[in-house]
Amino acid sequence: MDLDIKIIKEKLRDFVEITDVFDLKHLSYVKYITLIDGKEKFYDGGKYIKMGDNRVYIKRGAISHGVPIEFKRVDGRPYYKTRFFMKETLQMTQNNFDELLEIVESQQQVINKLLKKTNKYENILGIE
């Protein structure tokens, strides 16, 4: 697909750009912008399955293919880097749930302390 910024922005809703391909999560949905015949093209991609020699392997349906991470000149200097976008998802596990619950409880303690201080200052100032 050629680059139409409005369409691409819409298709990348709920996706975050990954600056380091090692941050890609196995089986996460990936879209990307890369060079084809010297022109940038946007692709809806598929599920990230593995990484190989300068390639990210993506599977869509029964077909998998490698997407070049970086394009290099003959002398080895890079001249273009593919942009990858990963769907932002948080899989809820017991560990995630416990961690989030701990954060909420900690924040509630801070709120309670602030309420006590506010009540104390209201009593000192005679505010009801």
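Observations on the model:
- The mean sequence separation of alpha-carbon pairs under 8 Å and at least six residues apart, normalised by the residue count of region 5-87, gives a relative contact order of 33 percent.
- Cβ charges +1 (Lys, Arg) and -1 (Asp, Glu), total dipole of the chain, debye: 440
- √(5λ) per eigenvalue of the Cα gyration tensor, the chain, largest first, Å: 48, 18, 15
- In straight-distance terms, cross-link reach from residue 47 covers every one of the lysines whose alpha-carbon lies under 16 Å from its own, apart from those fewer than eight places away in the same chain; here that gives 11, 25, 31, 59, 87.
- The helix-only estimate of mean residue ellipticity at 222 nm for the chain, built from DSSP H runs of length n ≥ 4 each weighted as -39500 (n - 2.57), is -10500 deg cm²/dmol after division by the residue total.
- Simple spin-label estimate for residue 25 and residue 6 in nanometres, 7 Å along Cα-Cβ: 3.3
- Reachable aspartates and glutamates, given that their alpha-carbon falls under 15 Å from the alpha-carbon of residue 39 and they are not under 8 places away in the same chain: 2, 4, 70
- In order along region 110-122, phi translates into HN-Hα couplings of 4, 4, 4, 5, 5, 5, 4, 5, 4, 4, 4, 5, 5 Hz, rounded to whole numbers, per the Karplus curve 6.51 cos²θ - 1.76 cosθ + 1.60 with θ = phi - 60° and x for Gly and Pro.
- Of all aspartates and glutamates in the structure, the ones whose alpha carbon falls short of 14 Å from that of residue 9, not counting any fewer than 8 places away in one chain, are 17, 44.
- Checking every one of the trypsin sites (Lys or Arg not before Pro) in region 24-110 against DSSP loop status and a limit of 15 other Cβ atoms within 10 Å picks out 25, 73.
Any read-out appearing in this document is the output of simple, stated calculations on the displayed coordinates, not a laboratory observation. As the structure is a computational prediction, the values presented were derived from the model and not from experiment. Virtual Cβ from ideal backbone geometry, glycine too; neighbours counted across all protein chains shown.
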